[in-house]
Amino acid sequence: MIYTPILLKKLNCRRILPKEWKFREILPLALKNCVSSKSDRVQPKICVYEMTMLLACLKKNEFDNSECSEEMKAFNECFEKEKAAAIELKNSLKEGLLIPGSHKLSFSQVNQLMQQWPHPGATVRRIKRRPPWMASHKTFRIKRKLAKAQRVNKPVPQWFRLRTGNRIRYNFQPALGMANVSLSNQLKQQYGNLSASLTANVARAQRLTGAKKRAVIEEADRQIREIDELLEQIELFSHDETDEHERKRITSTISSFRIDAQKLESELEKIRRQTANVDQRAELLNEDSLNENQKALLISNTEILEQTNRRLIDAYDLSLETVDIGAQTLRDLESQREVITKTKSRVRSAHDNIYESSRSLSSIMNRLMRDRFIAVAVGAMFLVVFVLVIYWIVHKWF
């Protein structure tokens, strides 16, 4: 907006000087015919030099205000001056007065001019920014989620359908896929049967003994080998799968099957070790297979073990007695520590009392010396007076 002769003609006014404009300030376009004045602020760096000098003086004189009266007076004068200037600036902005020394209009003056000559309505309107994706893409994402939930072939984006001539069907599954699914189910069912039989054999092996237990363990070993071969077949089947989601699902199933098979194998290995230990112990304790030398050696080893056991028991009792003695010693040391602490406190209190007594004696000695000095001074003064009196009497009569 420009203050031009057109406005003079509209208001029936006449220029004093030709071709001279009072204002040459171009106002910006605004949709609300109002300008914010939040950017008007008093200069932040005010009285910095005076404050620096005052702080330096206080630091130099160890915060003695009497030595820094001139600096404090200068700082107070500067602060009052800037405060008055800020109040004047605030009032001028509020009333719309022109700031002295400024070549621009204030925001209040701009707003007053806008109220007198408001801008016409804006030819444009603000609208919500449209998203970068299209509605068709949103539909594609919904279809993709539905296909994932139903475990069917996923749809492809619109740009791929346009490039391929839309020759891809969403829910198309060939007969080979059905055959693969049926084969996968058969292999999983076979694994379930083998796993159940292996679990039953492991439970039977824990209850049986002797030759029957060894036969069940051998049967369980054969089933473990069959499970490993079956898992390898399922893994090969997963490599032939074209659907990525189905391949991941089969891979996770294979990993869970392997974990279960490893648990059963560890249980069977534990039972096998227990059976081997029992067989070795039975063979060792079989009297028919032992000769006289082995029996004598076994008896001597048994006696050595009994002696070692007795020595260990005696050492354990001795260690318990040592622990009791150590605990008693620690209790004695604790009681002695308390006695020493009390004695130390008493010695400290006695030392304090002696110190107070020495101070009292020193003050008494000082007072005695002072009284003695005063007595001597008073005696000397009386003696001088007495001599002067005698001299005056003698001098008067003779």
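The values are calculated or read from the model by the stated rules, or taken from the named source; none is laboratory data. Predicted, not measured: the structure shown is a model, and the values here were computed from it. When we count neighbours, we look across all protein chains shown, and the Cβ atoms used for this are built from the backbone with ideal geometry, even at glycine.
Can you go through ILE224, ILE271, ILE217, ILE234 and tell me which one is more than 51 Å from the chain's Cα centre (by Cα) and either of a type in the set (A, V, I, L, M) or on the phi > 0 side of the Ramachandran plot (or both)? After ruling out the rest, the residue left standing is ILE217. Against the conditions (1) exposed (fewer than 15 other Cβ atoms within 10 Å of the Cβ); (2) modelled with pLDDT under 80; (3) in a helix (DSSP H, G or I), GLY177 satisfies every one except (1).
Give me the residue from region 57-74 that is assigned to a loop (DSSP other than H, G, I, E, B) and either out of contact with any helix residue (DSSP H, G or I) (no Cβ under 9 Å at 6 or more places or on another chain) or not assigned by TED's automatic domain parsing to the domain that holds CYS47 (or both) and, out of that set, modelled with the lowest pLDDT.
By that ranking, first place goes to PHE63.
Scanning region 229-277 for residues that are under 17 Å from LEU194 (Cα atoms), of a type outside the set (S, T, N, Q) and loosely packed, with under 13 Cβ neighbours inside 10 Å yields GLU229, GLU232, ILE259, LYS263.
Report yes if GLN280 is assigned to a helix (DSSP H, G or I) and at pLDDT below 80, otherwise no. Yes.
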